[in-house]
Amino acid sequence: MSIIIIIVSDDNVLPDFFFTNSSVKQLRLALGRRGNYNYCDVVPKCTVLWTSLRSLSLECCGLPDESLANILSGCPMLESLVLIFCQHIHHIDLSKSMKLTRLEITGHYYGPAKIVAPHIRFLKLIGSLDPCVLVDVSSLTDARFSLSYVRRKTGEDDDFHQDMLLKMLEQLQNVENLTIGRIVLQALSVAELRGLPFPQLQAKSLTVVMMVVRSFIPALARLLQNSPGLQKITVTTDQELDRHLRTQGLNPDRCWRLKYGDFPTTEQTYSSSSSGVVSKLAKSKDVVSFIKLVLQNSKAVETMVLRLDGYLDATEYQKLLRMVPTFTRNKNVRTRGQAKRLLNVLKIIP
């Protein structure tokens with residue numbers, strides 16, 4: 001049995017009997033509207049007994065740590081927990097939830113500060129301002145995380161965020177499938193600029209959301225170098241005008257000029273307009289340089305998927321397609337007498 005309950009109210013209207021049900025297997029509970037952050041709290045005043053529940057989604061509600069602990073203790077069969085725009089979460093401890101293998105958290109600025117989840121195999125963290133401490137995620141095989149970084153006050157220690165991100169990466173070093181969002185990637189580029197050490201990763205598949213511009217390249221290059229077993233990389237282009245870099249007083253068009261000057265700056269690729277951010281002057285040669293960089297910095301990548309999402313216009317896209325055979329094994333291309341590294345699969349989606 002599945003139950004979906006959506007309540008828009010200023011009061012906690014959940015009666016005690018709601019928290020006792022031995023039949024429901026899937027439950028979605030929303031206590032407010034997205035965008036209206038005055039959510040009411042889920043505070044069970046009784047012992048929770050959802051003994052058959054396998055999938056739980058809580059949305060738009062306040063969820064103090066003690067309430068979440070009460071809920072988890074009453075769900076011995078729980079396999080999936082989804083928290084969307086839930087406030088007041090600080091410490092998530094899933095160590096006693098032996099069957100819970102999937103955790104998804106989508107926040108609006110403030111996410112959990114600490115997660116203990118030794119049994120989960122899938123973790124999704126999206127939308128928080130700050131990285132969180134991953135105390136134990138030792139069973140994790142698939143991780144996806146992205147921040148929504150906005151500097152909250154002048155003088156805030158930005159080194160703290162980069163250090164925390166690198167510590168998160170260290171806890172994710174045994175993950176097989178890793179997805180990293182654009183704000184995280186830019187923050188890692190700044191970490192690389194400051195000479196902070198990156199952990200070694202065991203990822204076999206890496207997905208990144210980025211633009212083919214200079215401010216994203218240093219982090220990606222370092223991730224490739226530190227992932228010797230990486231077999232597949234997927235790149236999704238997205239428009240992000242260096243917000244993280246500018247909040248720290250960095251000029252994204254001057255950083256990394258010596259080492260990665262072959263790649264365009266953001267201003268050379270995108271422009272702002274009254275209708276939003278629009279693409280301009282994106283060239284196929286920049287994507288070609290990107291493919292070469294991936295091959296130069298990786299040891300085992302054989303599959304590359306590029307989701308361009310309109311990054312190139314029709315003319316530049318056709319130019320890029322003509323270059324594809326030079327990077328795949330359907331041609332015997334040699335450079336300086338030696339066969340250069342080639343891909344088994346290069347898939348480009350316009």
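Tabulated data
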read-out	value
ASP158 vs. criteria surrounded by 15 or more Cβ atoms within 10 Å (Cβ to Cβ) and at pLDDT 95 or above	no
Among the residues listed as GLU176, GLU79, the single one being open to solvent by 30 Å² or more (accessible area, probe 1.4 Å), of a type in the set (Asp, Glu), closer than 30 Å to THR237 by Cα and modelled with pLDDT of 90 or more	GLU176
Residue in region 247-277 that is modelled with the highest pLDDT, counting only those that are in a loop (DSSP other than H, G, I, E, B) and aromatic (Phe, Trp, Tyr)	PHE263
Of residues in region 91-117 being at pLDDT below 90 and assigned to a loop (DSSP other than H, G, I, E, B), the one farthest from VAL137 (Cα to Cα)	TYR110
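Every residue, every condition in (1) part of a helix (DSSP H, G or I); (2) open to solvent by 10 Å² or more (accessible area, probe 1.4 Å); (3) modelled with pLDDT of 95 or more, yes or no:
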residue: LEU185; (1), (2), (3): yes, no, no
residue: GLY195; (1), (2), (3): no, yes, no
residue: VAL209; (1), (2), (3): no, yes, no
residue: ARG222; (1), (2), (3): yes, yes, yes
residue: THR236; (1), (2), (3): no, yes, no
residue: GLU240; (1), (2), (3): no, yes, no
residue: LEU245; (1), (2), (3): yes, no, no
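Residues are listed down the side, and each one gets a yes or a no for (1) buried (at least 22 other Cβ atoms within 10 Å of the Cβ); (2) charged (D, E, K, R); (3) over 17 Å from the mean Cα position of the chain (by Cα); (4) under 20 Å from SER57 (Cβ atoms):
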| site | (1), (2), (3), (4) |
| --- | --- |
| GLU104 | no, yes, no, yes |
| GLY111 | yes, no, no, yes |
| ILE115 | yes, no, no, yes |
| PRO118 | no, no, yes, no |
| ARG121 | no, yes, no, yes |
| LEU125 | yes, no, no, yes |
| ASP130 | no, yes, no, no |
| LEU134 | yes, no, no, no |
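The values are calculated or read from the model by the stated rules, or taken from the named source; none is laboratory data. Since this is a predicted model, take the numbers as computed values, not measurements. Positions of Cβ are generated from backbone atoms using ideal geometry, with glycine treated the same way; all protein chains shown enter the neighbour counts. Just the protein is used for accessible areas: all its heavy atoms, side chains included, with ligands, DNA and RNA removed. Shrake-Rupley method; radii C 1.70, N 1.55, O 1.52, S 1.80 Å.
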